[in-house]
Amino acid sequence: MRRVDPSFTVTTFRTEPPSAREFVDLLGAIDLHHGAYSQDPIYDRLVVYGVHPNQEVRAALQVYGFSVTELTSDGFIAQRVAA
């Protein structure tokens, strides 16, 4: 039996086709379920597939304290910016 590491959580959302607008709309739900009011430690990394970080996406990430740290061939990785 595999042990579950409580510091590592994976949540997936799938939309067809994925869009930047849908990703931005999901950020509030992600923060609600994985943020300060829901878990400790809070989430600090987002790995996104199928959406590229346009200006709308980057601005929305910034509202939640994130910044794009890596572009991938099919999306991006964003990390929480240290306060």
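If a residue has to be in contact (Cβ under 8 Å) with a residue 24 or more places away in the chain and either touching a Phe, Trp or Tyr at 6+ places or on another chain (Cβ under 8 Å) or more than 17 Å from Thr12 (Cβ to Cβ) (or both) to count, how many in the range 48-71 make the cut?
First, pick out the residues of the range 48-71 that are in contact (Cβ under 8 Å) with a residue 24 or more places away in the chain: 48-54, 56-57, 60-61, 63-64.
Within this subset, residues satisfying the condition of being either touching a Phe, Trp or Tyr at 6+ places or on another chain (Cβ under 8 Å) or more than 17 Å from Thr12 (Cβ to Cβ) (or both) are 48, 51-54, 56-57, 60-61, 63-64.
Looking only at that region, the number is 11.
Scanning the range 21-69 for residues that are closer than 18 Å to Ala82 by Cα and acidic (Asp, Glu), we see that the one that is surrounded by the fewest Cβ atoms within 10 Å (Cβ to Cβ) is Asp40. Name the residues in the range 53-77 that are of a type in the set (Gly, Ala, Ser), over 16 Å from Asp25 (Cβ atoms) and under 12 Å from the mean Cα position of the chain (by Cα), would you? Those that are of a type in the set (Gly, Ala, Ser), over 16 Å from Asp25 (Cβ atoms) and under 12 Å from the mean Cα position of the chain (by Cα): Gly65, Ser67, Gly75. Do we find a residue being out of contact with any Pro (no Cβ under 7 Å at 6 or more places or on another chain) and at pLDDT 95 or above anywhere in the range 38-54? The answer is yes, given that some residue of the range 38-54 is out of contact with any Pro (no Cβ under 7 Å at 6 or more places or on another chain) and at pLDDT 95 or above.
Selection of the range 35-59 for residues being closer than 20 Å to Thr69 by Cα and either aliphatic (A, V, I, L, M) or outside any loop (DSSP other than H, G, I, E, B) (or both) yields Ile42, Arg45, Leu46, Val47, Val48, Tyr49, Val51, Gln55, Glu56, Val57, Arg58, Ala59.
The values are calculated or read from the model by the stated rules, or taken from the named source; none is laboratory data. Keep in mind that what you see is a predicted model, and the values were worked out from it rather than measured. When we count neighbours, we look across all protein chains shown, and the Cβ atoms used for this are built from the backbone with ideal geometry, even at glycine.
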